[in-house]
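K.L.:
First the structure, then my questions, so here it is.
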Amino acid sequence: MGINVSTSKPAELNANQYLQQFVGKAHISSDNNEFFEEFLKFTIKTPATNEEYLNFDSRIESFLESFIQNNLTSGNFGSLITVFLRKTSDELLTLSDNESHVHIYKIYNAVYVLRVLIKYILEIGGEFLLLQHFEALPRSTETNGTPQDVTLTIENTSNNTATKIIDGTKFDAFLETIFNIICVIPLKDHTYHLLLECVNVILVLCSVYLFNQQTTERSTIFRTIYKCKYASTLLATLLHLVSRMNPAPVNGAYGNLGAGGSFVFGLAESFWSMLTFSKKSPESEEMPKSFKENYPLANQSLLLILILTNHNADDSVDLQNNPYRYSLFNCTNSTELLKEDDVSSFKIDYSGLYQTLCKITHLDQTTLLLYLLLHRNEKFYRFVMNQQNLQELVVPILQILYNAPDSSSHHIYMSLIVLLILSEDDGFNKNVHQIMLKNIQWYTERSISEISLGGLLILVIIRTIQYNMLKVRDKYLHTNCLACLANMSSQFRYLHPYVSQRLVSLFETLAKKYARLQTQLDDVRKLESSVVEVAEDVMQDLTVLEEVLRMVLEIINSCLSHQLVYCPNLVYTLLYKRNVFECFRSNPAFQDIIQNIEMVIGFFTSRLQRVQDQRGELGVAEVYEVISKGSSQWSSDRLKKFAELRFKYVDEEGNEKSYFLPYIYSLLSKNSTISFAEGEKLFADI
């Protein structure tokens with residue numbers, strides 16, 4: 001079965017009689033099948049860029065203005081919703097295979113029109129105006145032949161009550177149907193864009209936060225979303241859509257309408273089998289840079305997951321206060337059997353999800369999802385820790401940090417937090433030094449033919465610290481970098497010579513800056529009292545730098561205390577740079593830990609001196625030979641014991657409002673396939 005369709009061109013919009021009637025003053029009944037069948041018989045190229053969106057908005061602006069002026073009296077928006085609900089609930093499951101394409105196409109068009117109208121209403125009038133339009137009836141209805149006005153009241157979220165023409169609970173029914181479509185309809189080429197538009201509808205509704213950043217408790221839209229009985233199923237489906245990462249069909253939103261096709265709700269396409277599918281290995285081709293253009297459904301689903309899980313995020317009250325957040329944190333691996341006391345909100349193939357996240361780790365939104373899963377889903381965290389290909393996850397994160405000038409400060413910060421969370425596991429810290437990498441072309445500081453993943457991790461974090469010292473000067477960034485190195489330090493093994501050099505050079509660079517600040521402070525104190533504020537600033541910088549220096553020394557000491565025998569390159573570098581530590585010998589802030597480092601330097605220096613007295617001047621290979629033999633006779637019991645370096649990331653209360661939500665909505669504005677101009681203005685600096 002086929003259907004004749006026409007593409008709406010710019011010149012044709014003004015002449016479209018059905019569009020003119022829909023936005024006009026006259027009421028169009030939902031029972032007017034002839035009108036709505038024709039009205040929904042169109043094809044249009046969905047805008048893909050901001051420029052295309054601006055062009056599209058300018059073309060339809062006059063229609064949107066007419067709609068706003070007339071709908072509260074015409075009630076045509078409500079009629080279209082009724083038609084959409086009827087087509088979805090009454091007709092969709094009774095279709096033959098050949099009829100399915102055509103029907104999906106019309107439902108898609110209805111959702112598309114509704115999404116455009118909802119977005120416009122929210123932008124110009126907000127949530128209360130949207131609810132008015134949802135519930136508006138035609139101005140007059142016939143009762144026994146007598147015209148009457150139908151008036152009821154609805155709640156205004158600004159705590160005022162207004163009398164408007166409404167007919168009940170269309171919004172609840174509409175949203176429930178949107179959720180049902182996403183959760184029930186299987187993903188196929190001809191359903192792809194319908195699912196995408198339904199996800200877009202929820203994103204547009206959530207965008208009310210861009211215009212009025214009120215709590216979810218005061219928002220009818222958010223209250224309806226969070227009381228949804230399908231919350232867990234919706235979250236599961238969205239995560240599945242991200243995991244599958246299906247590309248958009250080549251033939252666009254409408255497919256081959258004349259070719260028929262299969263649209264069968266059989267057991268093989270059931271929801272649970274969809275979630276537990278066995279994912280094929282990802283293609284070897286490089287991930288396209290334009291993720292949102294090639295994989296719009298995965299992109300939009302990922303953004304929606306972040307929004308749904310970060311509103312109502314006060315877990316200290318009740319984790320189940322947000323059913324989406326609870327579901328994400330308690331999803332389990334579909335390939336593993338659960339114990340009797342295990343909690344599982346839904347099952348998903350961890351392997352497929354992990355592979356997909358590795359492919360798109362370079363995206364801000366992926367880093368945020370990784371953070372949520374690793375930090376709060378213990379089963380997923382353990383799964384990742386057991387992976388043999390950790391480099392596929394870690395290397396892209398290191399690239400983000402390496403290219404810090406091209407990344408947002410938020411992305412850098414979240415990438416570091418992910419590394420910090422990974423470094424909390426001893427197995428991870430050990431394994432990264434066993435994974436060897438060759439020819440890391442993006443690392444251009446120095447050509448290294450082969451290096452361990454752990455060594456590369458140390459290099460990039462040290463570079464991030466130095467970048468922060470020069471550009472950002474963020475204390476928390478320093479703290480997270482050093483905490484990650486500290487967690488790893490007791491497992492440092494087989495460090496590349498360049499890695500050892502960079503670690504000691506970091507201390508040397510900080511030491512020189514520390515000496516300059518001390519000199520500057522002494523000079524300032526000799527001047528007039530009017531420079532007291534300057535002295536306080538210098539003193540504050542000196543205190544921060546002192547903490548950083550102390551931490552670097554503790555990292556070096558931790559490695560020497562636990563892994564000296566496996567780190568000859570570090571011992572060699574310490575011997576070569578031993579003068580760097582001499583000026584801190586009498587400083588009470590560093591004296592205790594410097595003694596340990598100098599004990600190691602002294603032990604190997606004396607051995608080298610004895611061999612040199614016997615053989616004469618030693619070459620590099622001979623020095624390493626002495627270090628190797630000395631390491632086998634060295635006992636760490638000689639060193640003063642310090643508490644084991646162990647840092648754990650702890651998120652602060654209220655972060656969802658002050659950090660995560662603004663960040664997530666900035667990503668929605670920048671990376672969504674829908675243009676949110678207001679969001680770009682509000683979050684331009686994020």
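Laboratory data are not the source of any read-out in this text; all were calculated from the coordinates shown. Values in this document were obtained by computation on a predicted structure and should not be read as measured data. Cβ atoms come from the backbone with ideal geometry, glycine included; neighbour counts cover every protein chain shown.
K.L.:
When you count, for each residue, the other Cβ atoms within 10 Å and take the mean per peptide, how do 81-87, 643-649 rank with the highest first?
P.N.:
81-87, 643-649
K.L.:
Skipping prolines and chain starts, which residues have an amide H placed within reach, meaning under 5 Å, of the one on T332, given they are 5 or more residues away or on another chain?
P.N.:
Excluding prolines and chain starts, which carry no amide H, the hits are S345, F346, K347, I348.
K.L.:
Now a separate question. Rounded to the nearest 0.05, what FRET efficiency do Q466 and D172 have when you use their Cβ-Cβ distance and R0 = 56 Å?
P.N.:
0.50
K.L.:
Nearest 0.05, what FRET efficiency do N579 and V250 give at R0 = 60 Å with Cβ-Cβ as r?
P.N.:
With R0 = 60 Å, the Cβ-Cβ based efficiency is 0.35.
K.L.:
Another question, then. Pop the C-beta distance of E37 and R223 into the FRET formula with R0 = 30 Å and round what comes out to the nearest 0.05.
P.N.:
0.25
K.L.:
Now for a separate question. In segment 449-606, how does Rg compare with the Kirkwood Rh, expressed as the Rg/Rh ratio over alpha carbon atoms?
P.N.:
Expressed as Rg/Rh, it is 1.01.
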